[in-house]
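Contents: one structure, followed by commentary.
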Amino acid sequence: MIGILNKFIAKVFRDIFRRRTHLKLGLYGPPNGGKTTLANRITEDWIGEKMGTVSNIPHETREIVVKEQVNIRSGKKELSFNLVDTPGIATKIDYEDFVKAGLSVKKSKKRAKEATKGVIDAIKWLDEMDVVVIVLDATQDPYSQVNITIMGNMQARDTPVLVVANKMDLKKADIKKVQAAFPQYDVVGISAKYGNNIDKFYEALFTVVG
């Protein structure tokens, strides 16, 4: 009986926030999946400015970045939200990986420390999110430990989720693998870098928010 009551209460609160016109939308995912590239695509499309810096070296984003009052439209629908770009979630951060990528030992240790704190902050911020977009590199194995960790955190919450299979412009990209790995969620394939299928992303976002 208590379980049924809790589910009912959760549904009531979910319906309340879905009727709100302003939400917190968080971009989550592993490092280098394309979260900041997607964030930049969204903010350039709708407010004409970039949100963050993109790098091939993992954990370029090591702090929570928020862009307030982003308004998007799809057809006759309009959605207003604070866009939250989060550091890449990782189960292990080793400074030696940054050294291998070309950074000095000093910079690598500093980056590893900041990245570790960023992961902790990102997970804490999950409780603040009204809707979460999980950005995955569609050329990579979706069954990674990091992705399973992220999905486990989402399943522990009753937060609407949209999965983005990013980098669909690359030959190795396979949206079917992502869909098979996470059938409980809507999956949309895009190239955040080139804007391919971005309209489908916006449409899917409205569907998930409800």
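Any idea how many residues of segment 137-179 are assigned to a helix (DSSP H, G or I) and in contact with a strand residue (DSSP E or B) (Cβ under 7 Å, 6 or more places away or on another chain)?
Final tally of qualifying residues: 6.
Pick from segment 122-131 the residues that are in a helix (DSSP H, G or I) and of a type in the set (D, E, K, R): which of them is surrounded by the fewest Cβ atoms within 10 Å (Cβ to Cβ)?
Filtering segment 122-131 for residues that are in a helix (DSSP H, G or I) and of a type in the set (D, E, K, R), the one surrounded by the fewest Cβ atoms within 10 Å (Cβ to Cβ) comes out as 127.
If a residue must be among the aliphatic types (A, V, I, L, M), closer than 11 Å to residue 26 by Cβ and at pLDDT 90 or above, how many such residues does segment 122-155 contain?
So the count comes out to 6.
Can you find, within segment 156-210, the residue that is modelled with the lowest pLDDT among those that are over 27 Å from residue 50 (Cβ atoms) and hydrophobic (A, V, I, L, M, F, W, C)?
156
Return the residues of segment 166-194 that are surrounded by fewer than 16 Cβ atoms within 10 Å (Cβ to Cβ), of a type in the set (A, V, I, L, M, F, W, C) and touching a Ser or Thr at 6+ places or on another chain (Cβ under 8 Å); say none if nothing qualifies.
Scanning segment 166-194 gives a single hit, 170.
Here is a check on your reading of the model: is residue 117 free of Cβ contacts under 8 Å to residues at least 40 places away in the same chain, among the basic types (Lys, Arg) and under 20 Å from residue 31 (Cα atoms)?
It is false that residue 117 is free of Cβ contacts under 8 Å to residues at least 40 places away in the same chain, among the basic types (Lys, Arg) and under 20 Å from residue 31 (Cα atoms).
From 67, 110, grab the single residue that is without any contact (Cβ under 8 Å) to a residue 24 or more places away in the chain and surrounded by 15 or more Cβ atoms within 10 Å (Cβ to Cβ).
After ruling out the rest, the residue left standing is 110.
Just one of 79, 27 is assigned to a strand (DSSP E or B), at pLDDT 90 or above and surrounded by fewer than 20 Cβ atoms within 10 Å (Cβ to Cβ); which is it?
79
For the structure I just gave you, tell me whether residue 134 is within 14 Å of the chain's Cα centre (by Cα), crowded, with 17+ Cβ neighbours inside 10 Å and in a helix (DSSP H, G or I).
no
All but one of (1) more than 26 Å from residue 78 (Cβ to Cβ); (2) at pLDDT below 90; (3) not in a helix (DSSP H, G or I) hold for residue 119; state the number of the condition that does not hold.
Going through the list (1) more than 26 Å from residue 78 (Cβ to Cβ); (2) at pLDDT below 90; (3) not in a helix (DSSP H, G or I), residue 119 breaks only (3).
The values are calculated or read from the model by the stated rules, or taken from the named source; none is laboratory data. Since we're looking at a predicted model, the values are computed, not measured. Cβ coordinates were reconstructed from backbone atoms using ideal geometry, including for glycine residues, and neighbour counts include every protein chain displayed.
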